[in-house]
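Heads up: the structure comes next, in structure tokens.
The values are calculated or read from the model by the stated rules, or taken from the named source; none is laboratory data. Since we're looking at a predicted model, the values are computed, not measured. In this analysis, Cβ positions are derived from the backbone assuming ideal geometry, glycine residues included, and neighbour counts consider all displayed protein chains. The area values use the complete protein model at the heavy-atom level, side chains included, leaving out ligands, DNA and RNA. Shrake-Rupley method; radii C 1.70, N 1.55, O 1.52, S 1.80 Å.
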Amino acid sequence: MSLKNPAALEFLQSRRSRPAKTLIEPAPTRDQLLPLLTAAARSPDHGKLEPWRFIVLEKSAMPRLAQLTEECGSALGKSVEDIAKARNQFDMGHLAVAVIEVQKPSAKIPAIEQTYSAGAVCLALLNAALAAGWGANWLSGWQTHDRDFCQKAFGLQENERVAGLVHIATEGKAPPERPRPDVDGLTQWVSE
């Protein structure tokens, strides 16, 4: 029987992402980030394929990514507003971890399960950062789904895509609570 961990359960039931635009310096150092990445890497991984990897985006990388977002957005015909919103996470970013889904050939493990594992890594990293006392937010956006942006920004291979950008820094201000799902309305019990 597993040991109970009421503090962990309470944390998970009350966790709240911190909007990326409210994050301020300092961001975690490399030594502070490594335990968070280690926790994220303990996510479910059917077949032990490790269908993901990390790219740590430090503050000095943010201006290049902001500019690339603008260039790719213009090439795609995105509106000025869409480009500004997409580049804002880099203009204001202090540190982010790009969780890269890496599809690996497997006769046993379907591609969708590899995608789920990469998503689990994003959530585990987000929760690890929050549990460690950092502010954190899991973002994406049109640029993270644009092949040209992803190849130029991160050098992604054909079997790779961005599962998410997890921004981590110091919480600037506590966000207001927001409505939560009605678990009773979303749950079906099957007895037979």
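Answer yes or no: is there a residue in the stretch 100-110 that is closer than 27 Å to residue 173 by Cβ, within 13 Å of the chain's Cα centre (by Cα) and of a type outside the set (S, T, N, Q).
Quick first cut of the stretch 100-110, residues closer than 27 Å to residue 173 by Cβ only: none.
There is no residue in the stretch 100-110 that is closer than 27 Å to residue 173 by Cβ, within 13 Å of the chain's Cα centre (by Cα) and of a type outside the set (S, T, N, Q).
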Would you be able to tell me the number of residues in the stretch 1-34 that are open to solvent by less than 60 Å² (accessible area, probe 1.4 Å), farther than 12 Å from residue 172 by Cα and among the hydroxyl-bearing types (Ser, Thr, Tyr)? 1
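Suppose the filter is of a type outside the set (Asp, Glu), touching a helix residue (DSSP H, G or I) at 6+ places or on another chain (Cβ under 7 Å), over 28 Å from residue 171 (Cβ atoms) and free of Cβ contacts under 8 Å to residues at least 60 places away in the same chain; does residue 79 pass it?
On the way: of a type outside the set (Asp, Glu): yes; touching a helix residue (DSSP H, G or I) at 6+ places or on another chain (Cβ under 7 Å): no; over 28 Å from residue 171 (Cβ atoms): yes; free of Cβ contacts under 8 Å to residues at least 60 places away in the same chain: yes.
Taking the combined requirement at face value, the residue does not satisfy it.
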Which of the residues spanning the stretch 131-177 are in contact (Cβ under 8 Å) with a residue 60 or more places away in the chain, in contact with a Cys (Cβ under 8 Å, 6 or more places away or on another chain), assigned to a helix (DSSP H, G or I) and within 14 Å of residue 55 (Cβ to Cβ)? 149, 152
What's the number of the condition residue 50 fails, among (1) on the phi > 0 side of the Ramachandran plot; (2) open to solvent by less than 80 Å² (accessible area, probe 1.4 Å)? (2)
Quick one: is residue 118 in a helix (DSSP H, G or I) and open to solvent by less than 10 Å² (accessible area, probe 1.4 Å)? yes
Filter the stretch 62-96 for residues that are buried (at least 16 other Cβ atoms within 10 Å of the Cβ), among the small types (Gly, Ala, Ser) and either within 21 Å of residue 22 (Cβ to Cβ) or in contact with a strand residue (DSSP E or B) (Cβ under 8 Å, 6 or more places away or on another chain) (or both) and give the result. 66, 86, 93, 96
Looking only at the stretch 160-192, and only at residues there that are open to solvent by 100 Å² or more (accessible area, probe 1.4 Å) and of a type in the set (A, V, I, L, M, F, W, C), the one that is farthest from the chain's Cα centre (by Cα): 190
